[in-house]
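A short worksheet on the structure shown next.
Where a number appears in this text, it was derived from the coordinates with a stated rule and is not lab data. Only a predicted model underlies this, so the values are computations on that prediction, with no experimental measurement involved. Neighbour counts are summed over all protein chains in view; Cβ atoms, including those assigned to glycine, are modelled from backbone coordinates with ideal geometry.
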């Protein structure tokens, strides 16, 4: 096959644009699609469920990214357009070859029959960074969208239980998910990949997609740790995930192997949609570490860990209490999940010592952050209550996946914390870091309210006890 790929480079890319035949699909907060079709230098579009007065297509067609009428500091439509324009010449055909990071994607629509296939860029060499969120710490939003838009998704429909008998495409996809290094791959599509950049708050973005006619991969170097778990058909999937994590396997690699049904009892193995596999692995690891955390002694004093990334501000508060946990997110107007609001929207999910019985309202990011918190507590062999505060500012113009929460909470917890004797002192520190005042965080927090209430009760009991001790004894 004639190679259509090229070596990955970090060189400059021209900003000169000509709008030709382009189709972008954005995922709006209400899960409706915003279809933008480019012709000449004019965007025309329709927005389902959004009126023009609230910043819909009317504003986009007038603004065209020149005036930032949406209030964001960068136009998300143009960010996506730039990325697709740069990658389109290399992927505009029925054949594609390149070095997969390795990457795979398992869809969820049509379940229990789902689309299975690889993510392949038109690039050769070391493409590991393209599908390894653990390496994205210092990469900008534009940088992430740029290289993720080059990943073409091949699609092959298969029954979720047909892990072993799905044919060569299925076998090759599984082998790529288990590989420890970039895999040279050649794909033949039934049609040209559609020019869409898929964005979602649960999974990393990726570029266009097309049904696969054939898929072949070069020499693969299977990760021996993953292969060992795959070969053990009597090993439970939860045990496989935990063992791999303990062996130092990256969480993102475990999630990929989990999604292609590489773990579990042989007769029970299934494909797991990528978004579900991400949360499943975060939940399994978080619960495993939490089981030990709950038996450990409490930390001394209060800690606050700070971190900023992608125009998100993070404060992670550790408190000397028994285990309890909460993630609170504040979305400013003109951000991903508050595009048309005029005030900050705050949402949260929490659990006390006994844990949750229902799926977190806030979604998969809850389990990703909980895992990151328990990594630290488990390593220290300590127990604490944890409240994570997140301010998402207008620079966070598009969703990039749950990894953003997991890795940035991890990054915060790698930094030396600020230490305090009281919760008030800790919240005073938060007030200097965050725009939202402590009182509003408290009003939206079940955990902070509970800790403050408990402190008041304890202070009352202590003061009452002291008063009784100071009272003179009654004469006999």
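Consider the range 139-161 and keep the residues that are in a loop (DSSP other than H, G, I, E, B) and in contact with a strand residue (DSSP E or B) (Cβ under 9 Å, 6 or more places away or on another chain). The one that is farthest from residue 94 (Cα to Cα) is 160. Taking the range 403-448 as the range and being closer than 23 Å to residue 300 by Cβ and within 19 Å of the chain's Cα centre (by Cα) as the test, the residues that pass are 409, 410, 412, 413, 414. So is residue 212 more than 23 Å from the chain's Cα centre (by Cα), surrounded by 19 or more Cβ atoms within 10 Å (Cβ to Cβ) and not in a helix (DSSP H, G or I) or not? Yes: the conditions hold for residue 212. Here 294, 270, 287 are screened, and the one residue that is over 30 Å from residue 109 (Cα atoms) and surrounded by fewer than 20 Cβ atoms within 10 Å (Cβ to Cβ) is 294. If you go through the range 434-445 and pick out every residue that is surrounded by 16 or more Cβ atoms within 10 Å (Cβ to Cβ) and touching a residue at least 24 places away in the same chain (Cβ under 8 Å), you end up with 5.
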